[in-house]
Structure formats: C-alpha cells, structure tokens
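Dumping the structure here so I can ask a few things about it.
Every read-out reported here was derived from the displayed coordinates using simple, explicitly stated rules and does not represent laboratory data. Everything numeric in this text was worked out from a predicted model, so none of it was measured. FYI the Cβ positions are ideal-geometry reconstructions off the backbone, even for glycines, and counts take in every protein chain you see.
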Protein chains: 2
Amino acid sequence: MTTNATETRWLDAEQQRSWRAYLVGTTLLMDRLDRDLREQHDLSVPEYEILVRLSEVEGRRMRMAVLAASVSHSRSRVTHTVARMEKDGLVKRTACESDGRGVEAVLTDKGMAVLEAAAPTHVAGVRQHLVDLVDEEDFAAVGRVFNAVTDTLIEANPEADIR
Amino acid sequence: MTTNATETRWLDAEQQRSWRAYLVGTTLLMDRLDRDLREQHDLSVPEYEILVRLSEVEGRRMRMAVLAASVSHSRSRVTHTVARMEKDGLVKRTACESDGRGVEAVLTDKGMAVLEAAAPTHVAGVRQHLVDLVDEEDFAAVGRVFNAVTDTLIEANPEADIR
DNA sequence: AGGGTTTCGTTGAATGTTCAACAGTGGTCC
DNA sequence: GGACCACTGTTGAACATTCAACGAAACCCT
C-alpha cells in the first residue's frame, strides 16, 4: 500500500483561506457585538442569548438543563451566568414542581424590558457587520454549513451533550 | 413619513435560523477542537494559532503587536498567552534590535515539534467536523462571508485595531 | 535639545469560563 | 423497601480573558 490511515489530508490554499477568515472574522464579530451590547445595555452576548431563549417559551421559564442545551453551554456555565443575571434582577430561579432536583429560570419583567431595549441594538449589529454585508445566498450557505456542524457534534455527544 | 431611522429591521425566519446555527455551531466546533488539542497535545486553540503564525514567517519570529494583529487578539491577551507558552518552552522572547520598545516572540525547536505533532490532529478535526461535512461551494461561501466581516471590522477599527 | 504625544508591551485586578467534586432527588431492579 | 446508579444543579478553585493603568522608548514639532 502507498498510503496509510495516519496520512494527513491538508487543507488546500483556498480552504485554508476560508478557515482562517472564519476564525478571525468570528473573533472580531463576537468581540464587536459583545462590546456594543455591553456599552449600551450592560449585557454580554451569552446573557442576551439566555434572555432570548426565555422570552420565547410559554411562561417565560425553562429548566436549567434545557436552557443550557439550547445555547450549547455547560450546565455549570449557565448556573454562573444565571446567577449573575439574577443578581441584576433580569431573571429569578424557582424550584421545579414536578422534579425535586429541578430549577427553573424565569424571565422577570425587568429582564423582558432589558431584552426589548437591547434587541434592536443587537440585530442592527448583526446586520451591519454580517447579514447586510453579503449575498443572501452566501449567508444561507453559512446556515447550511453550521447546521451540519451542529448536527454532527450533537450526535457525537449524545443529546445530554450539555457537556 | 411612515418609517423612521430607529425602526428595526428584524431578521426573517430563515436568516434567524442561519444566525443561530452559526452561533451554536461555532460554540460546539471551537469547544471540540479545543478539547481535542488539549487532550492530545496539551495545547489550546489560541496557542496553536500562535504556533502556526510563527512557523510561517522568516526566522520564525514576530513582533508581539504583529502577532496580536494576525490572530486578532488584544495585545494584552497575546502577552498572557505567550507568557504561558514561554513557560512551557514553546516560544521565547527576545528584545527587538531596531526598536527598544519591541519584543519578538521566537518559535523554539520544541515549539516547532509540538506544532508538527499537533497539526494533523487539528486539521483532521477541522475536516471531520466542518470541511468534509459540507459542499465545497458552501464552504467557499463561508470564506467569502467572513472575509467580508473581517474587512469591514478591521476598517472600522483602523489597522492598529489590535484593540 | 526638549515638551508633548503616540506606540509598545506588560502588569494586576476584575470578570468569565472550565473543571472536578458534591449533595440531593429520581429511577430501576430485585 | 432498599441498594444502586443516573441525573440535576451548584460550588469553589483553577484557568483564561478583559480592562485600565503604567513605564519606557520612539516620534514630532519647533
């Protein structure tokens, strides 16, 4: 045989350019969105994402584990994040009735108000620095690509991925 | 007039799905690549990126600010990261001859060896969890998109962006 | 030459994230 | 019903990143 299983298939020049653009672009983009949200609404991107998730469900409440899975952060991380948000009054925690172990995070009125104030800022940023910059078709491709990534990585780390 | 400047143009359902897929997918992907590199080579992704940058230039040495700009991290962050890497013997720092303020990071032989060992792992991961998962054309679109993102965000924060 | 400004890289503290260990509850099996 | 195992969410320490402030060197201007 002329090849073996350990032989590396490198990226070609074009793929490498794309990969690096993604790495650097993501760094700059997240940095910028985070900065804007912080300066104008005293909120980080992870915190904002949690507000969004909670605002979308019936009763504006979610089990911690579900919340963690939905943003793909570790349970520990969500515990810390929610603790900070609770201190700021954006969220409160209540025991779960049906499961003695469970805790539900509930969006407060203040949390909802902060979200409503922050959302326009955030969306404007996402448009200005990403969506409005590129072909609709190219952006759709980004969606396909990262849906594929998400699907395989969630499979890999079966459902209770959460980590 | 029926609209004003502050009216928010929300993302449509499709754009929103793409945006969230990108957020979640990026989280999972980076997490996974980082984990693999850590477990197998005791290296984080940011550290790996620095090794790559250094390995590519003449003399395997770079001014700290140039290095920072090339990975789009803050100077402070690169100072800390390089400090850790220096402690591990992957890199060493030398004063810059032409500029008394300057410091150059130099890749050591050990650093080069670690990079050569880690590269196949990393590339395999990038392929397995991203590149090989999707249409070549879609991946090229990702490249175009994030090149656009990078370009506008670098402009915005003129060159000495570095932060 | 000399004062003001800018750039360089570092520092230490504040903030955020990861990691391993844990207590408490639920589920299962006999 | 008790032993065992799995799951939930939290905790505190270790680690990484951000942020503001800084000293030193270079630059600029006259």
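Any chance you could list the semi-axes, whole Å, largest first, of the equivalent ellipsoid that the Cα gyration tensor gives for segment A:1-128, using √(5λ)?
Gyration-tensor ellipsoid for segment A:1-128: 36, 22, 11 Å.
Using the Karplus curve 6.51 cos²θ - 1.76 cosθ + 1.60 with θ = phi - 60°, what ³J(HN,Hα) values do you get for each residue of segment A:69-77, in whole Hz, with x for Gly and Pro?
Per residue, the Karplus-derived 3J(HN,Hα) values read 4, 6, 9, 6, 10, 5, 4, 4, 4 Hz.
Between the label point of A:Asp88 and that of the same position in each other copy, find the distances and list them shortest first in nm, with every label point placed 7 Å from Cα along the Cα-to-C-beta direction.
3.3
In segment A:65-163, how does Rg compare with the Kirkwood Rh, expressed as the Rg/Rh ratio over alpha carbon atoms?
Reported Rg/Rh, Kirkwood definition of Rh: 1.06.
Could you pull the copy-to-copy label distances for B:Arg77, with points set 7 Å along Cα to Cβ, in nm to one decimal and sorted shortest first?
1.4
Which Cα, out of A:Trp10, B:Tyr48, B:Val131, lies furthest along the positive dipole direction of the protein assembly as shown (beta carbon charges, K/R +1, D/E -1)?
B:Tyr48
Oh, and also: Which single residue of chain A puts its beta carbon nearest to the axis of rotation relating A to B, and what distance, in whole Å, does that give?
A:Ala141, 2
Go ahead and estimate [θ] at 222 nm for chain A from helices alone: -39,500 (n - 2.57) per DSSP H run with n ≥ 4, summed, over the residue count, rounded to 500.
So the calculated ellipticity at 222 nm is -21500 deg cm²/dmol.
Working from the pairwise distances between different alpha carbons, so that the mean of 1/r is found and then inverted, what is the protein assembly as shown's Kirkwood radius in Å?
It works out to 21.7 Å.
Let me know the mean shielding of A:26-35 by other chains, meaning the per-residue number of their Cβ atoms within 10 Å of its Cβ.
5
I've got another one for you. Relative contact order for chain B using alpha-carbon pairs under 8 Å, separation at least 6, rounded to a whole percent?
Averaging sequence separation for qualifying contacts and normalising by length gives 22 percent for chain B.
Kirkwood Rh over Cα pairs of segment B:16-69 into Stokes-Einstein at 20 °C, 1.002 mPa s: D in µm²/s?
165
Got a sec to turn the phi values of segment A:130-147 into Karplus ³J(HN,Hα) couplings, 6.51 cos²θ - 1.76 cosθ + 1.60 with θ = phi - 60°, whole Hz, x for Gly and Pro?
Per residue, the Karplus-derived 3J(HN,Hα) values read 8, 4, 6, 8, 10, 3, 4, 5, 5, 5, 4, 4, 4, x, 4, 4, 7, 5 Hz.
Any idea how far the Cα center of segment A:88-124 sits from the one of segment B:133-152, in Å?
34
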